[in-house]
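Structure record follows, encoded as structure tokens.
Just so it is clear, none of the values below were taken in a lab; they were calculated from the coordinates. Computed from a predicted model, the values in this text were never measured in an experiment. Using ideal geometry, Cβ is built from the backbone for each residue, glycine included, and neighbour counts are taken over all protein chains shown.
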Amino acid sequence: MTITPEEHVEDLKSVEKFDLRSALTKASYPTEEVAVYLDGHKAHELNGLLDEIAYLEEQAEGLSAGKNGSIADSPEKADVDETLEVLKVREKALLKEIADSRLTFTLRGVAPTQWRLVDKEARRKIKPASKGEDDVFEAQLERNEWVNVELLALATVKITNSAGQEDTSKLSHEDSQKLYDVLIEPEYFKLKTAVENLTFAHTLFNNVTLQDADFLSKSSADPDSQATSV
């Protein structure tokens, strides 16, 4: 018997059926914002400055009234306090300069069909020079780097600077490679880790699954939810 289009539509509307292709259009991928900082020189200076401030604050505490066996501050405390004041002004300036170097990446997980193509392309493009163990290992390292660089390019939705200006253009493989080459390693690692977590998201639905299992367990244990046998 031939089913008319109208009957097919009504059939799909049945509470007992659904259309898989339509359902899959609702698939989405997690997003996250990750901030990285460019000014490593100022960050290094800040770390040294903070150590110096901590040391001087400890000295100032020891020179304070009641800490030095006297009811008044030690004469040296005024000089320490003055130095601390100068250093804290510099601390604020450094924090501002480092914050101005911030880039915030809005990242989205890469769809399975995309990352599988990326992996396939890496294997096609990068082959070992020989079957020797060293060449095979080096080729694998190059492939891993190429895949990481390409996945970051695909995952980047936009980049926002500290002034709130946005770059929404597609990140090229070359630009992504530049990030790998220029960013201090821990900053690049933040991006790499986020892309992996968003793309492969092994534990993404764990909480939902646990909540569902808990709900179903409670429902089955509720006498009001069970059918009464006669």
Checklist entry - Can you list the lysines whose alpha carbon sits under 28 Å from that of residue 77, skipping same-chain ones fewer than 8 residues off? => result 67, 88, 92
Item to check | Peptides ranked, highest mean first, by Cβ atoms within 10 Å: ranges 184-193, 129-138 | outcome: 184-193, 129-138
Next on the checklist: Below 8 Å between Cα atoms, with a sequence gap of 6+, how large is the relative contact order for segment 31-200 in percent?
Outcome noted: 30
Item to check | Normalised per residue, the volume of the convex hull around the Cα set of segment 31-200 (Å³) | outcome: 170
Next on the checklist: Here is the link list: 170/190; 26/178; 96/192; 42/120. Which ones come out longer than 29 Å on Cα distance?
Outcome noted: 26/178; 42/120
Item to check | Gained length - residue 32 relative to residue 44, 0.36 nm times residue gap less alpha-carbon distance | outcome: 1.6 nm
